[in-house]
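Working notes, beginning with the structure itself.
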């Protein structure tokens, strides 16, 4: 098992920027978070830019990487720390060229081959999932924790687990070697607020490693 597993926050699929920014502050001030990914599928470029302008400083002022989903070009233009792409979004080699030395993450779903190709093509991390049913994103992929175990034993590149992850079900993923747990509803839909969600996730990660 690798040293450490950290939280990777993904924003809700739609958000109201003025009301969400304080929620992000609460979440990031509540405990350890390694990265925040802005994921606004279907939003136009101006809306994405406005969200970046409001949220990027919140993350970066706390030394939390701010990652943009889908758009390496816009990530560079707006000063993000990196971008995350899926198989349908952009060729990994092209994304790597656009980003320069910024971080590049690649969704590999349940494919060992795709993850190896992504690593060879310059990804800084790969993501597997969905591991559990998700209310945020419909998916036909059902990844197995053995993928995380295999990757973490074979490769140095960090691996992110995503898909329906909660404080109640994350232990097998931590124990299998996930470097990061990407969550949406576990934090943003927590009944006691996002700060409580971050605390609950970090507590569960710690217990899983005992």
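Residue separation of residue 62 and residue 189 scaled by 0.36 nm, minus their Cα-Cα distance, works out to 43.5 nm of gained length. Counting every other Cβ atom within 10 Å of each residue's Cβ, 52, 162 order from fewest to most as 52, 162. Neighbour counting of Cβ atoms within 10 Å sorts the residues 70, 91, fewest neighbours leading, into 91, 70. Placing dummy labels 7 Å off each Cα toward the beta-carbon, the span from residue 117 to residue 45 is 2.8 nm.
If the segment from residue 146 to residue 76 were pulled out straight at 0.36 nm per residue, it would be longer than the present Cα-Cα gap by 21.7 nm. Separation of the stretch 18-54 and the stretch 138-184, taken as the distance between their Cα centroids, equals 23 angstrom. Over the chain, DSSP H runs of length four or greater, each weighted -39,500 (n - 2.57), average out per residue to a 222 nm ellipticity of -12000 deg cm²/dmol. Along the Cα-to-C-beta direction of residue 16, a point sits 7 Å from the Cα; which residues of the stretch 179-195 have their amide N less than 19 Å from that point? So the set is 188-195. With contacts defined as alpha carbon pairs under 8 Å and 6 or more residues apart, what's the relative contact order of the stretch 39-83 in percent? Relative contact order for the stretch 39-83 comes out at 34 percent.
Every number here is computed from the coordinates shown, using simple stated rules; none is lab data. Remember, it's a predicted structure, so these values are computed and weren't measured experimentally. Positions of Cβ are backbone-derived with ideal geometry, glycine not excepted, and every protein chain shown enters the neighbour counts.
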